[in-house]
1. So for segment 78-100 (the condition being part of a helix (DSSP H, G or I), in contact with a strand residue (DSSP E or B) (Cβ under 7 Å, 6 or more places away or on another chain) and under 23 Å from Ile168 (Cα atoms)), does at least one residue qualify?
2. Restricting segment 276-315 to residues that are within 20 Å of Glu368 (Cβ to Cβ) and either at pLDDT below 95 or among the β-branched types (Val, Ile, Thr) (or both), which is surrounded by the most Cβ atoms within 10 Å (Cβ to Cβ)?
3. What are the residues in segment 31-50 that are in a helix (DSSP H, G or I) and in contact with a helix residue (DSSP H, G or I) (Cβ under 8 Å, 6 or more places away or on another chain), if any?
4. All but one of (1) touching a Phe, Trp or Tyr at 6+ places or on another chain (Cβ under 9 Å); (2) open to solvent by 30 Å² or more (accessible area, probe 1.4 Å); (3) under 17 Å from Ala266 (Cα atoms) hold for Ile340, so report the exception by its number.
5. Just checking, which of Arg251, Arg281 is closer than 26 Å to Thr308 by Cα, of a type in the set (D, E, K, R) and touching a helix residue (DSSP H, G or I) at 6+ places or on another chain (Cβ under 6 Å)?
6. What pairs can you find where one residue is in segment 150-165 and closer than 12 Å to Phe196 by Cα, the other is open to solvent by 60 Å² or more (accessible area, probe 1.4 Å) and not in a strand (DSSP E or B), and their Cβ atoms are less than 6 Å apart, with a gap of 6+ or different chains?
7. Scan the strands (runs of 3 or more DSSP E) fully inside segment 150-237 and keep the ones with 1 or more residues being open to solvent by 10 Å² or more (accessible area, probe 1.4 Å) and more than 30 Å from His33 (Cβ to Cβ).
8. Could you count how many residues in segment 216-275 are among the aromatic types (Phe, Trp, Tyr) and under 22 Å from Ala60 (Cα atoms)?
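The values are calculated or read from the model by the stated rules, or taken from the named source; none is laboratory data. Predicted model only: the values in this text are computed from it and were never measured. Glycine gets a Cβ as well: all are built from the backbone with ideal geometry, and neighbour counts include every protein chain shown. Surface areas here come from the heavy atoms of the whole protein model, side chains and all, with no ligands, DNA or RNA. Shrake-Rupley method; radii C 1.70, N 1.55, O 1.52, S 1.80 Å.
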Amino acid sequence: MAIDLSHPAEVRRLTEATRAFVREQVLPLDDAHDGDITAAGGEKLRIELQQAARDAGVFAPHAPVEYGGHGLTMSERAPIFEEAGYSLFGPTALNIAAPDEGNVHMLAHIADPEQKQRYLAPLARGEVRSAFAMTEPAPGAGSDPSALTTRAVRAAGGWRITGQKWFITGADGAGFFIIMARTSGEPGQRGGATMFLAPADAPGLRVGRHIDTLDRSMLGGHCEVFFDDLLVPDVAVLGEVDRGFDYAQVRLGPARMTHVMRWLGAARRGHDVAVARVAEREGFGSRLGDLGMIQQMIADNEIDIAATRALLTRACWELDNGEPAANATSIAKTFAAEAIFRIIDRSMQMCGGLGVAADLPLARLSREVRPFRIYDGPSEVHRWAIAKRVVSAAKRAQRDSE
């Protein structure tokens, strides 16, 4: 079977346009503000950058065409998202930052026509931001979503939602929330979850404190969110009742891969900075780039970049072909999260003292990519899931042979 890894001409054109836009218009702002998007201007900056992206013709590559996007497949998004990720502000500029990008993807697949007009259309156009409210304080849902404790109960004309979430990215300033709540069963049981849509100003929905985390590049922070008898109508149900965990997979697999795309761009920037530095810096009688230990780090970075792209390509191919891709996305996410951190870490090491100074972007890149080994599923959870699938397949094969 022939293997064609090339992209259509339009995707190649959009990739180059994104590369030029990010490096010329976005990266200088990122560097000037140490990757802190709030310090750089927050919501005002988002609006300005997104207008500039529209003017450059690179805005919303992932969104459906009918909502102003380019309608690209997962495989087609990969090189464009990677170029956007070369700057920490790039994904925000193109409207492909988390959680909005994942929410656009999910709403496009699950929302009914009225919900698409009310929520998807303004989100895709960058008129509002959004948040996906799933993670809860212990003993609630985290790496184990079945521990979900937020509860939605039937009420006159709709549902009443009660519970607490935290680490909700983008919550401060979001225009609406997608809320995961339990509608049947008990915590620890599989199934029984439902997704609800709610405007941010709905009575009973309250955004609490920002949880102070390592990263600074995601607009709206990572917040606590409280639902105090939040009343939503029946039309607020996203999809069908009790199928929330099924729908979450529509979002989570692709969202993990788009995270890989964006952070791979950041890792490439760190690598480029380090290679430029060691190519000119002299020490121990030669340029650092000519020394064996430095060359090994350069080669290892190149290997990690290439391997990450290869695993990403496979996972995106499966997603585009309608396969569940659970194993492929787990493998790609786990490897990438660790490889991307290794790339940045080696790049810092190659640059010595400057590697941990604000003079270069490496310290802030390290700060931003480290959490990726935890969110979207910690590496340990993905490894457990991968091993569980392998063992289950072996048991099935053994039974079939008996």
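1. As a first pass, look at segment 78-100 and keep what is part of a helix (DSSP H, G or I): 78-84, 90-94, 100.
Next cut, in contact with a strand residue (DSSP E or B) (Cβ under 7 Å, 6 or more places away or on another chain) only: 100.
Filter once more, keeping what is under 23 Å from Ile168 (Cα atoms): 100.
Looking for residues that are part of a helix (DSSP H, G or I), in contact with a strand residue (DSSP E or B) (Cβ under 7 Å, 6 or more places away or on another chain) and under 23 Å from Ile168 (Cα atoms), one finds at least one in segment 78-100, hence yes.
2. Per the criteria, the residue is Thr308.
3. From segment 31-50, those in a helix (DSSP H, G or I) are 31-32, 37-40, 42-50; that's our starting set.
Ala32, Ile37, Ala40, Leu45, Arg46, Leu49, Gln50, listed by residue number.
4. Every condition holds for Ile340 apart from (2).
5. Numbers: Arg281 fails: closer than 26 Å to Thr308 by Cα.
The conditions single out Arg251.
6. Between residues of segment 150-165 that are closer than 12 Å to Phe196 by Cα and residues that are open to solvent by 60 Å² or more (accessible area, probe 1.4 Å) and not in a strand (DSSP E or B), the close pairs are Gly158/Asp234.
7. On the way: elements: 151-155, 158-169, 176-182, 193-199, 205-210, 222-233.
Answer list for segment 150-237: 151-155, 158-169, 193-199, 205-210, 222-233.
8. Filtering segment 216-275 for residues among the aromatic types (Phe, Trp, Tyr) gives 226-227, 245, 247, 263.
Filter once more, keeping what is under 22 Å from Ala60 (Cα atoms): 263.
Qualifying residue count for the region: 1.
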